[in-house]
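Here is the structure we will look at, set down as structure tokens.
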Amino acid sequence: MIANFLQCGRFRFSFQKEFSRPLVMGILNVTPDSFSDGGNFHSLELALSRAEQMITDGVDIIDIGGESSRPGADPLPLDEELRRVMPVIYALRDCGKAISVDTYKPAVMREAIAAGVDMINDINGFRAEGAIEIVKNSDCALCVMHMQQDPKTMQENPEYVDVVNEVITFLEGRVSMMEREGIARERMSIDPGFGFGKSLAHNMALLKNMNNVQAKIGLPLLAGLSRKSMIGALTGRRVENRLAGSLGAALAAATQGASILRVHDVAETIDALTVWRAAI
């Protein structure tokens, strides 16, 4: 049975309401080199303008990221990541929406929690030394993601015997370890990590079995499919022309039971979900 709600800092999101849709998490990249929108919202003024538009469009969670995790990306120095994300966090923490920070660095987690974020979204599954210790006594929601290797090398030659079961095993192990550290299940969500050390075939297997992944672990599942290379591989579209494919992926994930959709195009995704919800 999937958890009834997600405790997300100052917010509590229910997943049991009849006729509800998945939560929509809007991506706010404050990076010059993100794979899909690098440089578009790099300045504080542009980032805040983008966040205001997301709020108008009906976003549920704003996910702030200062380091690109595109395939082949080099690690970003800690001080530069803090310089990018902290002013945005301080500016948005009282905007009335849940604020998430996309980071795998414990020091960034510490500063973000002190600044009042509601969620930590970690592509490394809280495996860095000190990460669990920093987050466990907060009230932040924690998204645990699967990634094979690291962004620099993850797409060089991803291999699995059974990608679905291997991802489930990894996520179950991380969740169990975090529970042993005293972190309540109500604070946790999972992410199979589309595009993070997976081929197109791996990604499609996970998408088709997303409901099984979520049911097996019993936690809300976050699906990050927006503008990913798998959509380009399926449609032949360049990253700037993947809106239709991204909406199709969002609806496929919703049909498979995803609880949270991490997207670039908030208004369009909510419109698509509204029609989808009315028809089922």
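Rule-based calculations on the coordinates, nothing more; no lab input. Just so it is clear, the structure is predicted and the values come from calculations on it, not from any experiment. Every residue, glycine as well, gets a Cβ built from its backbone with ideal geometry; the counts of neighbours run over all protein chains shown.
Here are the numbers:
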{"read-out": "Residue within the stretch 144-153 that is outside any strand (DSSP E or B), in contact (Cβ under 8 Å) with a residue 40 or more places away in the chain, crowded, with 22+ Cβ neighbours inside 10 Å and of a type outside the set (A, V, I, L, M) present", "value": "yes"}
{"read-out": "Single condition residue 49 does not satisfy, out of (1) within 23 Å of residue 126 (Cβ to Cβ); (2) of a type in the set (Ser, Thr, Tyr); (3) without any contact (Cβ under 8 Å) to a residue 60 or more places away in the chain", "value": "(1)"}
{"read-out": "Residue selected from the stretch 216-233 under the condition in contact (Cβ under 8 Å) with a residue 24 or more places away in the chain, surrounded by 16 or more Cβ atoms within 10 Å (Cβ to Cβ) and of a type in the set (A, V, I, L, M), by the criterion nearest to residue 170 (Cα to Cα)", "value": "217"}
{"read-out": "Candidate set: the stretch 73-128, residues that are β-branched (Val, Ile, Thr) and not in a loop (DSSP other than H, G, I, E, B); chosen: the one surrounded by the fewest Cβ atoms within 10 Å (Cβ to Cβ)", "value": "113"}
{"read-out": "Flag for residue 64 being free of Cβ contacts under 8 Å to residues at least 24 places away in the same chain, among the β-branched types (Val, Ile, Thr) and not in a helix (DSSP H, G or I)", "value": "no"}
{"read-out": "Some residue of the stretch 160-176 being among the aliphatic types (A, V, I, L, M), exposed (fewer than 15 other Cβ atoms within 10 Å of the Cβ) and within 28 Å of residue 233 (Cα to Cα)", "value": "yes"}
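Results for (1) aliphatic (A, V, I, L, M); (2) closer than 19 Å to residue 263 by Cα, shown as yes or no for each residue.
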| position | (1), (2) |
| --- | --- |
| 54 | yes, yes |
| 69 | no, yes |
| 72 | no, no |
| 82 | yes, no |
| 86 | yes, no |
| 91 | yes, no |
